[in-house]
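The values are calculated or read from the model by the stated rules, or taken from the named source; none is laboratory data. The model shown is predicted, which means the values in this text are computed figures rather than measured ones. So basically every Cβ, Gly included, is an ideal-geometry build from the backbone, and we count neighbours across all protein chains shown. These accessible areas exclude ligands, DNA and RNA; they are computed on the full protein's heavy atoms, side chains included. Shrake-Rupley method; radii C 1.70, N 1.55, O 1.52, S 1.80 Å.
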Amino acid sequence: MSAAIAITQGDPAGIGPEIVAKAFRDAPGELHGGFVVGDLATLRRAAQCIERPGLPSVPVAQIASPAEALQLPPRCIPVLPLPGLPGPQPWGQIGAEAGRAAADCVVWAARAALCGEVAALVTAPLHKEALSAAGVDFPGHTELLQAEAARHQGVPLAAMPVRMMLANDELRTVLVSIHVSLRDAIEAVTLGNVAQTLAITHAALLRTLGRAPRIGVAGLNPHAGEGGLFGSEEMQVIAPAIAAARAQGMDVHGPFAPDTVFMRARHAPGHPGEFDVVVAMYHDQGLIPVKYLGVDKGVNVTLGLPLVRTSPDHGTAFDIAGQGIADAGSLVEAVRMARQLAR
């Protein structure tokens, strides 16, 4: 397998291209061997927007294959241009062309990873409204990658279950549901979905940690239902799923009150967490605690795919796009984690 890592440019109207350029400039050791799937002119504009007195300029080089990225010097951005991509888009504006460009880059990188042409892919932020405007029938990266993996392996979408994990040095969370309404997220708390999430989480972290992970499970309701006073999902759904997982040898505990379980799992100096990961019942329940600890360190990892995919834990930040002030820390962490997982 190639050691190269594909980094998608993200939505060209957002901060994706500029954080990619900034990452190559500020963390050349981490980014060496990576290359950008995108548009050459878009990355050159991004490199220009981060230019500052006293800082090195960032050259942009066109490559024809992932292997060429390994031969370029540090702080040079290798770009593998895709045919048909639009050029630079207006900063901070939702557009169908930008959405289509972002999706096309993800699809190319996913197929390259599935075929073993790249070791992993790191996805810069895209905009979900722009995806929809482009007619892309997926709400985000996770679902798009799931569909590509299922198509590659010739299996139905249901046979390729995936989950989102958000992680930093202090906390990991995995979500039972991802990009759905809160009403639909509550409906998604079923015995099958919770059990499947526990199995995917256990298998993924078993490979990463080299041992069975300690999994804490958050309840859905306040105080984890308080014995049925505030809801019955804990007793009727979540606890039975935990019992079934434990019967299969998984180290799973809960359900615990959602307002305290993340603190119990947090790994801080002098305070080792009780759990390696928390399974959360819905998107915001699991993501808010990790993002509160710092979006510059959080990494989104897709679990359940036959490829390695990570991304920053923030969005396109249209309000600051083009100003060269976006923080590339989360992208650097995503590249670092992708490299670790690919090994």
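Matching residues to (1) surrounded by fewer than 23 Cβ atoms within 10 Å (Cβ to Cβ); (2) in a loop (DSSP other than H, G, I, E, B); (3) in contact (Cβ under 8 Å) with a residue 12 or more places away in the chain:
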residue: Pro255; (1), (2), (3): no, no, yes
residue: Thr260; (1), (2), (3): yes, no, no
residue: Lys297; (1), (2), (3): yes, yes, yes
residue: Thr316; (1), (2), (3): no, yes, yes
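For the range 200-214, state whether one or more residues are surrounded by fewer than 16 Cβ atoms within 10 Å (Cβ to Cβ) and over 24 Å from the mean Cα position of the chain (by Cα). The answer is no, given that none of the residues of the range 200-214 is surrounded by fewer than 16 Cβ atoms within 10 Å (Cβ to Cβ) and over 24 Å from the mean Cα position of the chain (by Cα).
Consider the range 138-150 and keep the residues that are in a helix (DSSP H, G or I) and out of contact with any Lys or Arg (no Cβ under 7 Å at 6 or more places or on another chain). The one that is surrounded by the most Cβ atoms within 10 Å (Cβ to Cβ) is His141.
Only one of Leu126, Leu144 is touching a Phe, Trp or Tyr at 6+ places or on another chain (Cβ under 6 Å) and within 27 Å of Ala328 (Cα to Cα); which? Steps first, answer last, please.
Values: Leu126 fails: touching a Phe, Trp or Tyr at 6+ places or on another chain (Cβ under 6 Å).
One residue alone meets the criteria, Leu144.
Selection of the range 157-188 for residues being crowded, with 22+ Cβ neighbours inside 10 Å and among the β-branched types (Val, Ile, Thr) yields Thr173, Val174, Val176.
The single condition among (1) touching a helix residue (DSSP H, G or I) at 6+ places or on another chain (Cβ under 6 Å); (2) in a loop (DSSP other than H, G, I, E, B); (3) not polar (S, T, N, Q) that Arg211 does not satisfy is (1). For the range 167-196, the set of residues classified as assigned to a helix (DSSP H, G or I) and either touching a residue at least 60 places away in the same chain (Cβ under 8 Å) or not acidic (Asp, Glu) (or both) consists of Leu182, Arg183, Ala185, Ile186, Leu191, Gly192, Asn193, Val194, Ala195, Gln196, listed by residue number.
Going residue by residue through the range 56-69, is there one that turns out to be touching a residue at least 40 places away in the same chain (Cβ under 8 Å) and closer than 17 Å to Ala338 by Cα? Yes, some residue in the range 56-69 is touching a residue at least 40 places away in the same chain (Cβ under 8 Å) and closer than 17 Å to Ala338 by Cα. Of all residues in the range 59-74, exactly one satisfies the criterion of being open to solvent by 30 Å² or more (accessible area, probe 1.4 Å), over 18 Å from Lys22 (Cα atoms), hydrophobic (A, V, I, L, M, F, W, C) and assigned to a loop (DSSP other than H, G, I, E, B), namely Ala64.
I'd like to check something: does the range 329-340 contain any residue that is more than 22 Å from Asp184 (Cα to Cα), modelled with pLDDT under 95 and either surrounded by fewer than 19 Cβ atoms within 10 Å (Cβ to Cβ) or more than 24 Å from the chain's Cα centre (by Cα) (or both)? Scanning the range 329-340, I find at least one residue that is more than 22 Å from Asp184 (Cα to Cα), modelled with pLDDT under 95 and either surrounded by fewer than 19 Cβ atoms within 10 Å (Cβ to Cβ) or more than 24 Å from the chain's Cα centre (by Cα) (or both), so the answer is yes.
Does Gly228 count as touching a helix residue (DSSP H, G or I) at 6+ places or on another chain (Cβ under 8 Å) and exposed (fewer than 15 other Cβ atoms within 10 Å of the Cβ)? Criteria met by Gly228.
Among the residues here, Glu233 qualifies as among the charged types (D, E, K, R), touching a helix residue (DSSP H, G or I) at 6+ places or on another chain (Cβ under 9 Å) and open to solvent by less than 70 Å² (accessible area, probe 1.4 Å).
Against the conditions (1) part of a helix (DSSP H, G or I); (2) within 15 Å of the chain's Cα centre (by Cα), Pro125 satisfies every one except (1). Checking each residue in the range 75-119 for being over 16 Å from Pro12 (Cα atoms), open to solvent by 60 Å² or more (accessible area, probe 1.4 Å) and not in a helix (DSSP H, G or I) picks out Arg75, Cys115, Glu117.
The single condition from (1) in a helix (DSSP H, G or I); (2) without any contact (Cβ under 8 Å) to a residue 60 or more places away in the chain that Gly135 fails is (1).
Can you spot a residue in the range 264-276 that is modelled with pLDDT of 95 or more and part of a helix (DSSP H, G or I)? Yes, that holds for at least one residue.
Matching residues to (1) under 22 Å from Ala103 (Cβ atoms); (2) surrounded by 24 or more Cβ atoms within 10 Å (Cβ to Cβ):
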{"residue": "Ala6", "(1), (2)": "yes, yes"}
{"residue": "Gly10", "(1), (2)": "yes, yes"}
{"residue": "Gly14", "(1), (2)": "yes, yes"}
{"residue": "Lys22", "(1), (2)": "no, yes"}
{"residue": "Ala27", "(1), (2)": "no, no"}
{"residue": "Val36", "(1), (2)": "yes, yes"}
{"residue": "Leu40", "(1), (2)": "yes, no"}
{"residue": "Arg45", "(1), (2)": "yes, no"}
{"residue": "Cys49", "(1), (2)": "no, no"}
